[in-house]
């Protein structure tokens with residue numbers, strides 16, 4: 001886009017917003033129009049392609065506070081869009097030199113104005129002046145804007161725990177186009193996934209921005225991911241006191257809907273963790289393990305016979321002091 005374009009094009013009209021529209025209104029209008037005129041939705045329609053480019057140029061300027069301020073200033077000088085013409089030798093008013101001379105204080109004493117050449121032939125022309133006034137460092141001839149990378153877009157998705165463990169394909173709507181991506185198996189709650197080049201399209205020929213997706217995972221009533229290694233799963237399984245004391249083999253469920261037999265050694269204390277190899281999360285880098293934490297369940301109610309049995313056990317183990325070194329360890 002050249003400097004002259006700013007005089008001739010009404011970017012506010014292109015987006016259908018008033019000149020005092022705030023950033024939110026401009027963004028909302030752009031997204032609506034981009035979705036309507038996107039080439040993917042209007043394949044083979046040259047008019048739609050031109051319209052999409054027009055609203056893209058408008059948004060690129062109006063969404064940038066500095067460029068918008070410069071654009072408003074240029075449009076105000078141009079009276080809303082009229083082309084500047086160089087003043088003739090006869091001293092006509094309203095010419096290119098009059099406007100820019102007025103901008104910079106009218107020049108030397110006695111009414112002499114600084115003059116700017118609008119002729120072609122290399123440097124010093126109309127576009128060069130605009131380039132110097134409004135940013136100066138744009139690449140290419142005539143102040144053409146250098147390619148700028150498209151904006152990044154953020155999005156979020158919520159997955160059930162089992163879906164997060166297995167991985168899933170999710171579709172996002174980005175400026176009127178669908179972006180489909182694979183969420184990898186074992187994704188953690190709050191994890192961010194960057195999709196390079198899937199963000200907003202650059203309107204100046206630069207690379208597209210990125211789409212950054214935040215994944216939220218709903219908790220599961222039984223399973224959880226190991227914080228230290230997301231390939232591993234964890235769960236807590238209740239056992240009775242006799243099972244923990246005497247040892248047993250129990251069946252525990254796995255994330256794939258099956259069950260596996262797990263041996264609980266005699267004398268297993270509450271809180272001990274046992275490993276079931278190869279029953280964790282299946283990823284491209286291998287399959288993790290399932291870690292089962294044993295929790296001894298204390299009955300809330302006892303029958304008369306059960307109570308007598310527990311009392312007999314208490315009598316038989318009354319000499320065992322399980323808190324013998326507690327005070328010593330607490331004093332360390």
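How much length is gained on full extension from residue 222 to residue 166, taking 0.36 nm per residue of separation minus their Cα-Cα distance?
Length difference between fully extended and current span is 18.6 nm.
The label point for residue 158 and the one for residue 275, both projected 7 Å from the Cα toward the Cβ, are 3.6 nm apart. Potential lengthening of the chain between residue 307 and residue 148 amounts to 49.4 nm, from the contour at 0.36 nm per residue minus the alpha-carbon distance. Taking 0.36 nm per residue of separation and subtracting the Cα-Cα distance, full extension of the segment from residue 258 to residue 212 would add 13.0 nm.
How would you rank 216, 38, going from fewest to most other Cβ atoms within 10 Å of each one's own Cβ?
216, 38
Legend: ranking of residues 12, 59 from fewest to most surrounding C-beta atoms inside 10 Å; resulting order 12, 59.
Ordered by the count of other Cβ atoms within 10 Å of each Cβ, fewest first, 77, 203, 235 give 77, 235, 203. Could you work out how far the C-alpha centroid of segment 235-297 sits from that of segment 150-188, in angstrom? Cα centroid to Cα centroid, the span is 32 Å. Coordinate range of the alpha-carbon atoms in segment 224-316 per principal axis, descending: 55, 23, 20 Å. Remark on segment 153-217: ratio of C-alpha radius of gyration to 2.2 N^0.38 Å is 1.18.
Laboratory data are not the source of any read-out in this text; all were calculated from the coordinates shown. Quick caveat: nothing in here was measured; it's all calculated off a predicted structure. Every residue, glycine among them, receives a Cβ derived from its backbone with ideal geometry; neighbour counts consider all protein chains shown.
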